[in-house]
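The values are calculated or read from the model by the stated rules, or taken from the named source; none is laboratory data. Not measured: the values here are computed from a predicted model. Note that we place each Cβ from the backbone using ideal geometry, even for glycine, and neighbour counts take in every protein chain shown.
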Amino acid sequence: MRTLFVTGPGGSGRTTVAAATALAAARAGQRTLLLTADRHDTLSAALGDTDVPGLTVHRVDSAAHFRRELLALQDRAGSGLDMFGAQRLDDEELTELPGAGELALLRAVRDAAARPCDRIVVDLPPAPQALALLALPAQLRRYLRRLLPPERQAARALRPMLAQLAGVPMPAQWLYETAARWDEHLAAVQSVIEADTTAVRLVAEPGPAGSDAVRTAATGLALQALPVELLVANRVFPQSAADPWLAPIVAQQQKTLADWRPAHPLHIAAHLGRDPHGGDDLAALALPAPGDAPTVRWPVEDRLAEDGFLVWRLPLPGAVREELDLVRRGDELVVTAGPFRRMVSLPSALRRCTVAGAGLSDGELRIRFTPDPGLWPQGR
C-alpha cells in the first residue's frame, strides 16, 4: 500500500489534482482510496458523476468525529469529572472546535492504512496547514512522553492506597490510559507519514506567488524527510495563446516553469478554460498515476581521516541561511528553517560527538561533528 499526500497553496487546485490523480491510479488498475476533509465539497464539483471501478471516495466528517471522541473521553474520565461536580455534555450541544478537522483527517489516514487498497490519495488542506498537520503526530507523541512518561505508570499499585488516604478517587489511571491510547493512535499515523512508500504531490500555479509557496513548502517537507514525488504546475496557458492580453501571463508562467524544471519532477496541467468537472475534464489534465516514492536520505559522511569530522548532510531545498538555526539538546538536534522547526534524533555515532559547525550549500545543510574523546571508542 502506497500513500500520496496532495497539497499546495490555497486556490491552486489541489483538490482537483487529487481527484485527477486518484482517477488516473484507478484507471491504471490500482485499488484507490481518495480521502478528503474539504468543507466546501470541491471534490464533488470536480468528480461530477464519475464512477470508475477501483476508486473509492471517503469524505471525512470532522464534526461527527469530534463529538464521538469528546463523548468517549468524557465517559473514560467520568470518575474524575464527577469528583469535581462537572455537568456532562450531551451530543446535541457539542460544536466542533478549531483543529478538530485535522485530527479527524489523521484518524482517517490511520484507518485507511488497514483497508484493502493499493493506493491512498489524501487531499490535504493548503500547504501551511498541511505541513503542520504532517508534523503533528510526532510532536504530540513527544509532548505526551514528556508530560506523562510511561515509566511513571509503575506506581499504579500505590494509587488505591493514595485514594484511601485522600478520601477521593484518583484520576491518574484513566489519564495514563488515555495518553497510552492516544500514543498508539498517533504512532500508527506517524508510521504511515514516515513510511518509505509515502510521498507528496505539490500543486501550484506558476508565477511569483506560486514560486514562493513551492520554495517554502519544499523546505518544510524536506525538514520532515517527506519526498516530493511530483510538482504539478496547474492552469498553465498555452504558449501559442493568440490573445495579447495573455502574453505577459504566459511569459511569467514560462519563466517560473524554467525555474522549477531543474528542482523537481514537473507535470504541466493545461488551463482548460473552465473549472474541471467530471471524468473527461480530469483526464484532460493528463496527470500520471502515482509512481514510487523517491528516497530521502540524511547520510552521515565519515571524514575523520581527512579532516577529523563526521558530516551529517540534511537536504533542505529552498532554505535560506539567515533563517536557519541549530540547537543541540542531549541526543536531539533542534533544526529551525524559516517557519518550520523539528526535533531530530541524532544517529547513534553522532551522539558521541560535539557539534563543530554547520553550513548551507546547494540546498543542503551540512553539520560537522567532532568525536568526544570521553565517549568515542579508542583506536577509531
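When you go through Gly54, Gly29, Gly48 one by one, which is the residue that is touching a residue at least 40 places away in the same chain (Cβ under 8 Å) and surrounded by fewer than 24 Cβ atoms within 10 Å (Cβ to Cβ)?
Working: Gly54 fails: touching a residue at least 40 places away in the same chain (Cβ under 8 Å); Gly29 fails: touching a residue at least 40 places away in the same chain (Cβ under 8 Å).
Going through Gly54, Gly29, Gly48 in turn, the sole match is Gly48.
Only one of Ala269, Ala289 is in a strand (DSSP E or B), within 30 Å of Arg235 (Cβ to Cβ) and either under 28 Å from the mean Cα position of the chain (by Cα) or of a type in the set (A, V, I, L, M) (or both); which? Break it down stepwise before answering.
Values: Ala289 fails: in a strand (DSSP E or B).
None of the other options fit; the residue is Ala269.
Quick grid of which residues meet (1) at pLDDT 90 or above; (2) of a type outside the set (S, T, N, Q); (3) under 19 Å from Arg142 (Cβ atoms); (4) touching a Cys at 6+ places or on another chain (Cβ under 6 Å):
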| residue | (1), (2), (3), (4) |
| --- | --- |
| Arg313 | yes, yes, no, no |
| Ala319 | yes, yes, no, no |
| Thr336 | yes, no, yes, no |
| Pro347 | yes, yes, yes, no |
| Thr354 | yes, no, no, no |
| Ile367 | yes, yes, no, no |
| Gln378 | no, no, no, no |
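Scan the stretch 343-352 and tell me whether some residue there is closer than 27 Å to Arg261 by Cα and not small (Gly, Ala, Ser). No, the conditions are met nowhere in the stretch 343-352.
Selection within the stretch 342-380: residues that are in contact (Cβ under 8 Å) with a residue 40 or more places away in the chain, out of contact with any Lys or Arg (no Cβ under 8 Å at 6 or more places or on another chain) and within 20 Å of Thr216 (Cβ to Cβ). The member of this set that is surrounded by the fewest Cβ atoms within 10 Å (Cβ to Cβ) is Gly363.
Restricting attention to the stretch 191-215, and to residues there that are in a helix (DSSP H, G or I) and surrounded by 20 or more Cβ atoms within 10 Å (Cβ to Cβ), which single residue is nearest to the chain's Cα centre (by Cα)?
Residues of the stretch 191-215 that are in a helix (DSSP H, G or I), as a first pass: 191-193, 208-215.
From what is left, the residues that are surrounded by 20 or more Cβ atoms within 10 Å (Cβ to Cβ) are 192-193, 210, 213-214.
On the way: Val192: 10, Ile193: 6, Gly210: 20, Ala213: 16, Val214: 15 Å.
Filtering first and then ranking leaves Ile193.
Go through (1) surrounded by fewer than 14 Cβ atoms within 10 Å (Cβ to Cβ); (2) over 18 Å from Gly359 (Cα atoms); (3) of a type outside the set (Asp, Glu) and name the single condition Leu246 misses. The one condition Leu246 does not meet is (1).
Filter the stretch 84-139 for residues that are in a helix (DSSP H, G or I), at pLDDT below 85 and more than 21 Å from Ala179 (Cα to Cα) and give the result. Can you show your working first?
So the first thing to find is which residues in the stretch 84-139 are in a helix (DSSP H, G or I), and the list is 91-93, 100-112, 127-139.
Next, only the ones that are at pLDDT below 85 stay: 91-93, 100-103.
Once the filter is applied, which keeps residues that are in a helix (DSSP H, G or I), at pLDDT below 85 and more than 21 Å from Ala179 (Cα to Cα), the stretch 84-139 yields Asp91, Glu92, Glu93.
Being of a type in the set (A, V, I, L, M, F, W, C), surrounded by 12 or more Cβ atoms within 10 Å (Cβ to Cβ) and more than 21 Å from the chain's Cα centre (by Cα) is a description that does not apply to Leu316. In the condition set (1) closer than 30 Å to Ala284 by Cα; (2) not in a loop (DSSP other than H, G, I, E, B), His65 is compliant with all but (1).
Any residue that is among the charged types (D, E, K, R) and over 24 Å from the mean Cα position of the chain (by Cα) - is there at least one of those in the stretch 343-356? Let's see the steps before the verdict.
The initial filter retains those residues of the stretch 343-356 that are among the charged types (D, E, K, R), namely 351-352.
Then drop every residue that is not over 24 Å from the mean Cα position of the chain (by Cα), which leaves 351-352.
Yes, that holds for at least one residue.
Taken over the stretch 114-137, the criterion of being surrounded by fewer than 18 Cβ atoms within 10 Å (Cβ to Cβ) and within 16 Å of the chain's Cα centre (by Cα) is satisfied by Pro126, Pro128, Gln129, Ala132. The sole residue among Pro244, Pro262 that is under 27 Å from Thr198 (Cα atoms) and free of Cβ contacts under 8 Å to residues at least 60 places away in the same chain is Pro262.
Residue pairs, Cβ under 6 Å, 6 or more apart or interchain, first in the stretch 61-87 and over 30 Å from Thr36 (Cα atoms), second loosely packed, with under 15 Cβ neighbours inside 10 Å and modelled with pLDDT under 75. List them. Listed pairs, sorted by first residue: Met83/Val168.
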